[in-house]
Amino acid sequence: MLTAEQKCEFKDNGFIILPDFKSCAEITALKFRANEIAASHDFDVSKEVFSTDRQRGPQADRVQDYFLGSANEIRCFFEEKAFGTDGSLVQPLEQSINKIGHAMHDLDPVFHKFSHGDKLAELAADVGLSQTQIWQSMYIFKQPRIGGEVGWHQDTGFFYTTPQSVTTFWFAVDDATLENGCIWVEPGGHKSSLRQQFTRDGRQTKLIDLDTTPWPNTKSAVPVEVKAGTLVCFNGMLPHYSAPNTSDHARHAYTLHVTDGACRYAPENWIQRSNTLPVCGFV
Ligand code: FE2
């Protein structure tokens, strides 16, 4: 799949851009299904969960339970700015969803098909994953005008393994541009230390600061403007970020977070699997 030069590029920069990795038909099918899931979602339930005060009391517990329950299910999440001060949606429902997560790759046939196959397995082997384990899928809508910023982070902090192995497969479903909030990465930044780790203990989750190395900024990082169908594959240690979507067009993307089963998967990672839904690889 990758040339020797591309393998070096991945090793040196921490990421690789593969245009036309997915066909127009594959992208269209995924987008259609994502919109179907969003449209069939029980909005009355989750809207209530997300439109009132999330910070305190039973409401905070419900938000946390909804989030934790999404680990091994298919659930929709609203954009932070979806609601006005009176709790009503500021734009149509279909333009208010932030993302769908986090087990579509196992539970939905269309997502399953998109997320598996020899091509992905071959690429995974080329970037050093000997035994793939797909822990999470996310379909991100990055809605026009209200699509929020995703702050600088490293995916390793969410899928900690020893040694570090998490690799992110980021598929552009729409063209990603500076205007609609493409991702930014710091070339070579995967060689820096892990700043934060997200851990879970029962129903409690927390983000722990591990290292004070400053995050990159848009001067030291580069924007990754790519066409729909492109796969951006990156090392989980690579710091990345995406700006708010200030344009009138959505920027859909789909991600998979994959680790190497030969490494130890931390028991404090927020997503765990059991025999009822075992973690699987690309094939
Ligand atoms: Fe990320």
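Taking only protein heavy atoms and a 1.4 Å probe, what accessible area per residue, in Å², does the chain have with all protein chains in place?
On a per-residue basis, 46 Å².
Taking the chain on its own, what percent of its Cα-Cα pair distances exceed 34 Å?
Every Cα pair in the chain considered, those over 34 Å come to 14 percent.
Shape of the range 89-175 from its Cα gyration tensor (a ≥ b ≥ c, root eigenvalues): rounded if a/c is under 1.5, otherwise prolate when a/b > b/c, or oblate?
prolate
Helix 4-13 versus the longest principal axis of the chain: what is the Cα-based angle in degrees, 0 to 90, to the nearest 10?
For helix 4-13, the angle is close to 50 degrees.
Residues of the range 141-160 with the amide nitrogen closer than 19 Å to a label point 7 Å from the Cα of Gln272, along Cα-to-Cβ, please.
Of the residues in the range 141-160, 157-160 have backbone N under 19 Å from the label point off Gln272.
Do any of Lys7/Lys119; Lys191/Lys219; Lys113/Lys227; Lys11/Lys81; Lys99/Lys206; Lys206/Lys227 go past 27 Å between their Cα atoms, and which?
The pairs that break the limit, which is 27 Å between Cα atoms, are Lys11/Lys81; Lys206/Lys227.
Run the helix sum for the chain: -39,500 (n - 2.57) per DSSP H stretch of 4+ residues, divided by residue count, reported at 222 nm to the nearest 500 deg cm²/dmol.
-7000 deg cm²/dmol
Please compute P(r) over all alpha-carbon pairs of the range 46-191, binned at 5 Å starting from zero, and give each bin as a whole-number percent.
2, 8, 14, 18, 20, 17, 12, 6, 3, 1, 0
Mind checking the dipole of the chain: about its Cα centre, +1 per Lys or Arg Cβ, -1 per Asp or Glu Cβ, Debye to the nearest 20?
320
The values are calculated or read from the model by the stated rules, or taken from the named source; none is laboratory data. Keep in mind that this is a model prediction, so the values were computed, not measured. When we count neighbours, we look across all protein chains shown, and the Cβ atoms used for this are built from the backbone with ideal geometry, even at glycine. The protein model used for the area step is the full one, side chains on, heavy atoms only, and it has no ligands, DNA or RNA in it. Shrake-Rupley method; radii C 1.70, N 1.55, O 1.52, S 1.80 Å.
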